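Reading through the structure tokens given below for one structure.
Read-outs throughout are calculated quantities, based only on the coordinates presented, and are distinct from any laboratory measurement. Small disclaimer: the values here were computed from a predicted structure and weren't measured. Neighbour counts are summed over all protein chains in view; Cβ atoms, including those assigned to glycine, are modelled from backbone coordinates with ideal geometry.
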Amino acid sequence: MEQPTKGFRIAIDTIFLAAAVPARAGQRVLDMGCGVGGALLCLAARVPGLSIDGIEVQPELAQLCQSNILRNQGGDCLRVIEHDVLTYTPPHPYDHVMMNPPYHDAARHDGPDNPQKLRAHMIDNADMQAWIEKADQLAGDKGTITIIHRADRQDELVEMLSPRRPDIRIIPLLPKVGVEPKRIIIRAQKGGACVTICQPLVLHQADGKYTTEADTVLRDVAAIGFIATL
């Protein structure tokens, strides 16, 4: 996987996002703001037979994504489109839309000096709302929207998603047992108006090593299931 030496780089969030998309062979998936292609390549490795598009507005990242697709022999089913995601209009809706959007609210945080990293990490609420609205337009009526984001933005994201895709499931990602989550994965689709908090995924054991559950996702491209708590 080729990625910038400085600026935005792939983290485990990318892998967990791809693991949570409920895609099946033959379906179409869109990665909004795909960067260098980490999530779409992980998803393609887990579910062969998908058609996956990645949208990326930064030319240097789009070029790296294309290089990574070719490097991993994904040219027949994976495609990167250099475009502003908010003005992209595909010929057909997607079965699934996934995104790992910028995490930090530009109104609350100072951004990094690196311009590429700034764009990857900072977004204001108006732009986040626009991303959610665009994801809803891009996903078909039976489609899903899957997002990984900061846990302290959960209420804001639910508020943005619920008018459009009110069937919402949330997986907290716990650093360790007993520690509050820093990240959540949200899946939203049309259906009954219900927010379900699912069984959390614990990432690390007490000694700092990955748990078996997290390790199978990171090393063996296992899927993450949205299992409701009892």
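Give me the number: length gained by fully extending LYS6 to ASP215, i.e. 0.36 nm times residue separation minus the C-alpha to C-alpha distance, one decimal in nm.
Values: separation 209, 0.36 × 209 = 75.24 nm, distance 2.67 nm.
Length difference between fully extended and current span is 72.6 nm.
Mind sorting SER162, SER51 by how few other Cβ atoms lie within 10 Å of their own Cβ, fewest first?
On the way: SER162 15, SER51 18.
With the fewest neighbours first, SER162, SER51 line up as SER162, SER51.
Please report the spacing between the Cα centers of segment 73-89 and segment 163-230 in Å, no decimals.
27 Å
Once you place label points 7 Å from the Cα toward the Cβ at ILE227 and ARG24, how far apart are they in nm?
Going by the 7 Å Cα→Cβ label model, 2.2 nm.
Compute the distance in nm between two label points, each set 7 Å from the Cα along the Cα-to-Cβ direction, one at ALA206 and one at VAL57.
Label-label distance for ALA206 and VAL57, simple model: 4.7 nm.
State, as an integer percentage, the relative contact order of segment 12-165 based on alpha-carbon contacts under 8 Å between residues 6 or more apart. It would help to have the intermediate numbers written out before the result.
On the way: 257 pairs, mean separation 36.7, N = 154.
Result for segment 12-165 is 24 percent.
Counting other Cβ atoms within 10 Å of each Cβ, which chymotrypsin sites (Phe, Trp or Tyr not before Pro) in segment 1-109 have at most 16 and sit in a DSSP loop? All intermediate terms of the calculation are to be shown ahead of the outcome.
Values: sites: PHE8, PHE16, TYR88, TYR94, TYR103; in loops: PHE8, TYR88, TYR103.
Those satisfying the criteria are TYR88.
How large is the dipole of the chain about the Cα centre if only Lys and Arg carry +1 and Asp and Glu carry -1, each at its Cβ, rounded to the nearest 20 debye? Intermediate results must be reported in sequence, preceding the final value.
On the way: 24 positive and 28 negative charges, 102 e Å.
That gives a dipole near 500 debye.
Where does each of HIS149, HIS96, HIS204 land when they are ranked from fewest to most other beta-carbon atoms within 10 angstrom? Let's see the in-between values first.
On the way: HIS149 21, HIS96 25, HIS204 15.
In order of increasing Cβ crowding within 10 Å: HIS204, HIS149, HIS96.
Under 22 Å between alpha carbons, and skipping anything fewer than 8 positions from LYS182 in its own chain: which lysines qualify?
Here the lysines satisfying the reach criterion relative to LYS182 are LYS117, LYS209.
Need the full-extension length gain, ALA45 to ARG71, defined as separation in residues times 0.36 nm minus the C-alpha distance. One decimal, nm.
On the way: separation 26, 0.36 × 26 = 9.36 nm, distance 1.33 nm.
Full extension of this stretch gives 8.0 nm more.
What label, among (i) 41; (ii) 55; (iii) 51, belongs to percent of Cα pairs over 24 Å apart computed from the structure on display?
(i)
Of VAL179, VAL36, how do they rank once you tally other Cβ atoms within 10 Å and put the fewest first?
Working: VAL179 11, VAL36 29.
Result, fewest neighbours first: VAL179, VAL36.
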